[in-house]
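The values are calculated or read from the model by the stated rules, or taken from the named source; none is laboratory data. In this text, all values refer to a predicted model and were calculated from it rather than measured experimentally. We place every Cβ from the backbone using ideal geometry, glycine too, and count neighbours over all the protein chains shown.
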Amino acid sequence: MQQPTGIELAVTMKGSPAKLAEAVGNGVLRQHVEHWLKAGVVSAEKAPYVAAATGIAIELLNSKVPWTLARKTRAKAVAEPKAAIGEGA
């Protein structure tokens, strides 16, 4: 038996694609959730919002993105905003 995908877990947790879309907000529609279910992966753009709404690890929602690198880049941008956009130094 195959393990459920992150998006399948999220839909099960919230009860339906429509309820997940409502919980996530940020422009996510039921149709987006249904597309992700078919694809087995949440879009990289919306995965952080789904993770925040469900508590499911972002890596389970979309394993194709190097999230560790994204986190480090974001942390650096917060710590050193001018350096992150190429100013200063």
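Okay, here's what the table says:
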read-out: Residue under evaluation residue 78, criteria (1) at pLDDT below 95; (2) surrounded by 12 or more Cβ atoms within 10 Å (Cβ to Cβ), criterion not met; value: (2)
read-out: Residue in the range 53-74 that is at pLDDT 90 or above and in contact with an Asp or Glu (Cβ under 9 Å, 6 or more places away or on another chain) present; value: yes
read-out: Test: residue in the range 68-75 that is more than 9 Å from the chain's Cα centre (by Cα), among the β-branched types (Val, Ile, Thr) and outside any helix (DSSP H, G or I); value: no
read-out: Of all residues making up the range 21-57, the number that are of a type in the set (D, E, K, R) and closer than 22 Å to residue 68 by Cβ; value: 2
read-out: Sole exception among (1) without any contact (Cβ under 8 Å) to a residue 40 or more places away in the chain; (2) surrounded by 15 or more Cβ atoms within 10 Å (Cβ to Cβ); (3) in contact with a Ser or Thr (Cβ under 9 Å, 6 or more places away or on another chain) for residue 4, by number; value: (2)
read-out: Subset of the range 24-42 [surrounded by 15 or more Cβ atoms within 10 Å (Cβ to Cβ), farther than 17 Å from residue 57 by Cβ and aliphatic (A, V, I, L, M)]; value: 28, 33, 37
